[in-house]
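Each value in this text was obtained by applying a stated rule to the coordinates, not by laboratory testing. Predicted model, so just to flag it, every value in this text is computed and none were measured. Quick reminder, even Gly has a Cβ in these numbers, built from the backbone with ideal geometry, and neighbours come from all protein chains shown.
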Amino acid sequence: MRYVGNRITKFSDPPLLTGRARYAGDITPPGTLYACFVRSKYAHARIRGIDTSRASRVPGVRALIIGDEFLDYPIFQPISTKPYKPYGAKEATVYPLVVGKVRFVGEPIVMVVAESRIAAAEAASLVDVDYDVLPAVVDPEEALKPGAPKVYDHWDGNLFMKFPSEWGDVDAAFGKAEYTLSDSVRIQRFTGQALEPRAYVADYNTIENHLTFYSSTQQPHPLRTILAETLKIPENQVRVVQPYVGGGFGLKIPPFQEEIAVAVASVKLGRPVKWVAERWEELMAGGHARDQRHYFEVAFNSDGKILGMKVRIIADMGALFPTPGWGMPLVTTIHLPTVYKVENYRIELLEIVTNKNPLNAYRGYGKECACFLMERIMDMVARRLGKDRIDIRMKNFIPPNDFPARISRYTVLDSGNYPTVLKRAVEVFEYEKWLKLKEEARKKGRYIGIGVAYELTPEGACIPGSFFLQYDAVTIKVAPTGKVLVYTGITSPGNGQETAIAQIVADNLGVSIDDVVVYQGDTDLCPYGLGNFSGRSMISGGSAALLASIELREKLRKVAARILESRPEDLEVSDGKFYVKEVPERQVTIRDAAFAIYKNPYDLAIDVEPGLEITKYFKMPNALHIPDESGYTRTYTSFPNAAHLCAVEVDIETGKFDILKYVVVDDCGKVINPMIVEGQLHGGVAQGIGGAIMEELVYSSAGQLLTTTFMDYPIPTAKEVPDMIIEHVETPSPYTPTGAKGVGESGIVGAPACLASAVEDALSDFGVKVMETPLRPSRVWRLIQEARKK
Amino acid sequence: MVNKVKVNLKLNGERFSAEIDPRMLLCDFIRDVAGLTGTHIGCMTGNCGACTVLMNGRTVKSCTILAAQANGSDITTIEGLSKGLELNPIQRAFHKRYAVQCGYCTPGMIITAHYLLSLGKTLSRQEIREHISGNLCRCTGYQNIIDAIEELLRDKGLLR
Ligand code: FES
Ligand code: FES
């Protein structure tokens, strides 16, 4: 039986379904102490003094640690700003606790460690911090003005960097275009909020100078390196274990201040130290995302062809973390103009620091902003010219025979067939039928709208000089009894990659999937790999699994041939057996061939190396970090894409809308497990809907975060997320041996653009323009009122 | 020092008692005192439903009540719904349909599904949506969860 391409149920389910799975927060080694953080009440303040005397009297308190005690532990940065020096990129050292001044509400100032959680929390509430409150800067455009408060005193202002992306001759294009339009789109600040809050348990063994660190992380190996470098413990004395993780979505990419603080505290105190974030801490200090404004001009002709565009992107970074949040607007920038062939453009990105929680990676990672911008432009152009929105997209798509297609100095799209995908989506959605339904409804005073969006989801990020690259490793060990153990450098924060890896191994090794066990997330067991981000598990991990399986299979084949007294090339393998092609009843099991390798090294296995264990690394071949003769590079390596179509009905009295139908036709290359791929799309679209209609992190003008619970930061429930119809078109990646392109971020990228398109269409009678999210009823209602006044 | 209170209850069919801080929430009691970590904590504000358990046959969010309030009651957690890693029909339906991704919401979701099925009421797909809307899932987009519950209801002839 072949496993790849089939709906294999997830290996990791039974412990999850029965409540037996252990997450980091479920781990409590004997003698554990509990940490609690005192967090800044102010967005911007110098710390004059800290009085811990009242807190220290709470029974059970073992330590009260302030920032100055952590001065020896500047956090090792897994992604360097150095390559961006030419664009002015600045640096900031981040310590586990605030040193000198706080830069956002919720920044940890004091760490309390106590015998119980209650004691730690009680003591934390009794710490007195003396603040010298400074004016806060919360708006990025205000932050650029002369005299604005400076977030980092040693910088010359609040501009972190200015990054250009230019192509063709944009001025000439604007000069000859028949039409131009200008406007702006704005994506609010929101965040991932995995249901499991972050949890860390550090267990330092003083006698052996050995640290075991349990973390709800997405990158165990890089975290090991970060801990070793920051704590100055030899890396071979650090073990990171990632147990079950309750969702990551990029926001569990290390390192966080608390993560390092917990480890240092365990080393200092010689006892296990545990910290589990509360929801408000996740919302306040767990990393934010998006918060981008895009001012644009677009030039086009009456046939709908877009000739050029100018874009200025203002990205609000908040303060800086060592995590890769500042890469998010860069990803927007280098992937414009997404799937469309716009040969002349000038884009300028300004990344600005403010007194807000730093950005971290969140599923989509800037690609949804690029999509939102391009799709709004497509709809605007269609409307201006009175053309159909599908036709406008078809007109501007990069044609299938253009691939590989360079779209910017930093990006070459690998492959794709956008017209086919969109055509299929139009069929599945029943576009023509909905156009009629919409017209009929309009006559009855009902406002139905159709949304169209095409997402490009660049995956396989490959950032020079960082831990965000496209290589990964798989170790396979075949035991004498033929049982297979697989160890991966990639991790699975809940999506089932272990199952997809097992499918690839079973197929290529020729064994039953029931004989395969996959181990992940333990740095003492697994080969060094970069974990989970950027849809890379199948891109890099799946490829490594395939290579390793084939190599072991060929070794087994040699021995099997000798046992069968046949030639290796005459053998086939499947279901755990080698058999002679011509005479299939002549067969030998993989188990017997494996046994022979272990037990008969001087006869049956005389011409193979003993042992059946191998580690294979795979590296994506299409990244380019040494610029070519034109000075161009390649950063992302895989380009899944998808068409979204939806129908909504807006209640014009309240501004509320319902999603009546939602279709995604997706091309993530070869599908390894359709059930997992669909599930990823369901989840991605749901998160996209959350960002499009309800989620927003709101700061007051003084920099106070006003949204600190699931009550004021609601995420979609089963009532908000519609049923989706998902289909696939497969354009295999030319660069991965499996043909897979990655699917971890698909869906979230196109959903906001699709809903905006639908709402705008529903309200076309009023001439409403939708250029901003979230589309809460209040905003939609206001848009209607404003349009009615005109 | 706070005076301790004694809590006696039935936990997954067995008697369980402990002396505890009266401020302790039921979710902490289940996790830290009884050591049953299948009941998860996602918000502590009653919004996410990861901490859902059955109390006298009805669902409660165990972060919203004190352990002392559960004195004398009959509590069922996810660990009480099946033996070891053996899957019951609800769990099998979830497994078959990839209704579990990270699994953090899953125990609460399964407890809610169990309650829903125990009602013996005929429900529509929309009603299923409404019934599970107190349990947040950040991974699945709910579709496969609803499909699984729908199938279980259909098998019982309870799907509208
Ligand atoms: S932890 Fe109880 S509802 Fe979220
Ligand atoms: S499966 Fe992750 S929260 Fe539901």
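Per-structure values
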{"item": "Check: the range B:5-78 dipole with +1 on Lys, Arg Cβ and -1 on Asp, Glu Cβ, in debye", "result": "160"}
{"item": "Cα gyration tensor shape for chain A, rounded if a/c is under 1.5, else prolate or oblate", "result": "oblate"}
{"item": "Size of electric dipole in chain A: Cβ of Lys, Arg +1 and of Asp, Glu -1, about Cα centre, debye, nearest 20", "result": "920"}
{"item": "Extension reserve of the A:LYS176-A:GLN237 stretch, reckoned as 0.36 nm per residue once the Cα distance is removed", "result": "15.4 nm"}
{"item": "Compactness relative to 2.2 N^0.38 Å, alpha carbon Rg of the range B:17-160", "result": "1.03"}
{"item": "Dipole of chain A [Lys/Arg +1, Asp/Glu -1 at C-beta], most positive-end residue of A:MET675, A:VAL262, A:SER182", "result": "A:SER182"}
{"item": "For the range B:5-78, fraction of C-alpha pairs farther apart than 15 Å, in %", "result": "45"}
{"item": "Chain A, relative contact order in percent, only Cα pairs under 8 angstrom and at least six apart counted", "result": "15"}
{"item": "Mean Kyte hydropathy of -1.0 or more with a Cα span along the axis of at least 24 Å, helices from DSSP in chain A", "result": "A:367-385, A:543-564, A:674-693"}
{"item": "The range B:5-78: relative contact order in percent, alpha carbon pairs under 8 Å with at least 6 residues between", "result": "40"}
{"item": "Taking A:ILE672, A:ILE715, A:ILE50 and counting other C-beta atoms within 10 Å, the order from fewest to most", "result": "A:ILE50, A:ILE715, A:ILE672"}
{"item": "Label point distance in nm, B:ARG154-A:ARG586, each placed 7 Å from Cα along Cα→Cβ", "result": "5.0"}
{"item": "Average Cα contact separation per residue, chain B, under 8 Å, 6 or more apart, as relative contact order %", "result": "23"}
{"item": "Point-charge dipole on Cβ atoms (K/R +1, D/E -1) for the range B:89-155, about Cα centre, debye to 20", "result": "120"}
{"item": "Computed E for A:GLU427/A:ASP303 - FRET, C-beta separation, R0 30 angstrom, nearest 0.05", "result": "0.75"}
{"item": "Dipole axis of the range A:690-790 (+1 Lys, Arg; -1 Asp, Glu on Cβ), positive-most option in A:ILE715, A:THR738, A:LEU697", "result": "A:LEU697"}
{"item": "q = 0.15, 0.21 Å⁻¹, the range A:386-534: log10 I(q)/I(0) [Debye, one scatterer per Cα]", "result": "-0.94, -1.22"}
{"item": "Positive dipole terminus of the range A:307-427, leading residue within A:PRO419, A:GLY386, A:PHE321 (C-beta point charges)", "result": "A:GLY386"}
{"item": "Three-way shape label, the range A:345-433, alpha-carbon gyration tensor, a/c 1.5", "result": "prolate"}
{"item": "Computed lengthening from A:ARG567 to A:GLN704, 0.36 nm per intervening residue step minus Cα-Cα distance", "result": "42.0 nm"}
{"item": "Ellipticity estimate at 222 nm from DSSP helix runs (n ≥ 4, -39,500 (n - 2.57)) divided over chain A, nearest 500", "result": "-8000 deg cm²/dmol"}
{"item": "Cα gyration tensor, the range A:178-261 - rounded (a/c under 1.5), prolate or oblate", "result": "prolate"}
{"item": "Least to most buried among A:TRP326, A:TRP167 (fewest other Cβ within 10 Å first)", "result": "A:TRP167, A:TRP326"}
{"item": "Theoretical FRET efficiency, 1/(1+(r/R0)^6), r = Cβ-Cβ of A:ASN600 and A:ASP524, R0 41 Å, to 0.05", "result": "0.80"}
{"item": "Likely footprinting exposure, A:GLU727, A:GLU281, fewest C-beta neighbours within 10 Å first", "result": "A:GLU727, A:GLU281"}
{"item": "Partner lysines for A:LYS356 [C-alpha distance under 27 Å; skip if fewer than 8 residues away on the same chain]", "result": "A:LYS41, A:LYS82, A:LYS85, A:LYS90, A:LYS101, A:LYS145, A:LYS150, A:LYS162, A:LYS252, A:LYS274, A:LYS367"}
{"item": "Virtual spin-label span in nm between A:SER80 and A:ASP723, 7 Å along Cα→Cβ", "result": "5.4"}
{"item": "Chymotrypsin sites (Phe, Trp or Tyr not before Pro) within the range A:653-738, DSSP loop, no more than 16 other Cβ atoms inside 10 Å", "result": "none"}
{"item": "Computed FRET value (nearest 0.05) for A:LEU660 with A:LEU71, which takes r as the C-beta separation and R₀ as 56 Å", "result": "0.45"}
